[in-house]
């Protein structure tokens, strides 16, 4: 009997441990289920957005209880279309898209709540490499600058005017090419120049199909180039989620700004399977050299005002949008303890 009692006790303990094990597994699965999915649509897939990919790779979003479903939509207009039709939750594109929608009078317009990049991330690529590059060399030439009305196009046009070139008469700006097809169009057409993001610009150079001649962002100065936005209704219903999202972006910005180009390249490598770490290191360093990323994700009014000045100069804005309506710094300030 004593032996039987011991056996029964052992059996009960095994059941207990098995139950505990099952409960732990169940708890783990339950924890995984608790991750809030965010459908994030990006304007393009570029090393220019390294802080975002670092935040994904290093688990900063997961730490905040967020699972990112990322899609490359190929243009700010497409990001905004997807956002307004509820195909995505958060858009990542130029703030100009939110300004356009606000000025249309839409009640549930998108608010910009976190800024990532503070200057143009594209580079001028030419088919020939002169001993010394001068902007006057663009006179009489064809340039593929992106979609008219988008920040890349407007910033480039603004820069041309700063260089005392007339965008309408001194050169031909071919804005008929979709954003995602610009590199291919440049290689297969008679266009002498194109503006490209990285790593595409460096890949074109590697293939001897073109040469990087200048940084548009370095030449044109600071501007709120790419930021996160969501519809007012989404933000109102999901304030905690938007805060956690902003926290993760801030961690990504901080990490990329504080670590070497090589370390950043290794961390974001999985996001760029067609590029090796050596190339990615070069590209990240290039973006570090021109001071591409915000330190704090707040979109300041002076930067917002400059963006609208650029839009006015391009003939794309007749009425300025109010800063305190389009920009919502509540979450960016909170992450900074303000």
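Couple of notes before you dig in:
- When both bridge partners sit in the chain, DSSP labels roughly 55% of those beta bridges antiparallel.
- Theoretical gain in end-to-end length, residue 133 to residue 63 [0.36 nm per residue, Cα-Cα removed]: 20.5 nm
- With helices as the sole contributors, the chain gives -14000 deg cm²/dmol at 222 nm; each DSSP H run of n ≥ 4 counts as -39500 (n - 2.57), and the sum is divided by every residue.
- Inverse mean reciprocal Cα-Cα distance (Kirkwood Rh) of the chain, Å: 21.6 Å
- Solvent-free Debye scattering, log10 I(q)/I(0), computed from the Cα coordinates of region 148-189 at q = 0.16, 0.26, 0.27, 0.29 Å⁻¹: -0.46, -0.98, -1.01, -1.05
- Placing a label point 7 Å from the Cα of residue 166 along the Cα-to-Cβ direction, the residues of region 115-146 with a backbone N closer than 17 Å are 136-142.
- For the chain, the longest principal axis of the alpha carbon atoms and the long axis of helix 301-313 meet at an angle near 40°.
- FRET efficiency for residue 34 and residue 104, using Cβ-Cβ distance with R0 set to 41 Å, rounded to 0.05: 0.65
- Spacing of the modelled spin labels on residue 301 and residue 278, each 7 Å from Cα toward Cβ, amounts to 5.1 nm.
- Packing, as the average of other Cβ atoms within 10 Å across residues, places the peptides 106-117, 121-132 in the order 106-117, 121-132, highest first.
- With respect to the chain, whose longest principal axis is taken over its alpha-carbon atoms, helix 277-289 is tilted by about 60°.
- Applying 1/(1 + (r/R0)^6) with r as the Cβ-Cβ distance of residue 187 and residue 81 and R0 = 30 angstrom yields a FRET efficiency of 0.60.
- Region 91-166 - percent relative contact order, Cα under 8 Å, separation 6 or more: 29 percent
- For region 123-220, convex hull of alpha carbons as volume per residue, Å³: 92 Å³
- Average projection area in nm² (convex hull over Cα atoms of region 293-337, one quarter of hull surface): 3.7 nm²
- For region 93-222, share of DSSP beta bridges that run antiparallel, in % to the nearest 5: 65 percent
- Full-stretch length increase - residue 338, residue 270 - with 0.36 nm per residue and alpha-carbon distance subtracted: 21.0 nm
- Rounded to 10°, Cα long-axis angle of helix 151-162 versus longest principal axis of the chain: 30 degrees
Every number here is computed from the coordinates shown, using simple stated rules; none is lab data. Because the structure is predicted, anything quoted here is derived from the model rather than measured. All Cβ positions, glycine included, derive from the backbone under ideal geometry; neighbour counts span all protein chains shown.
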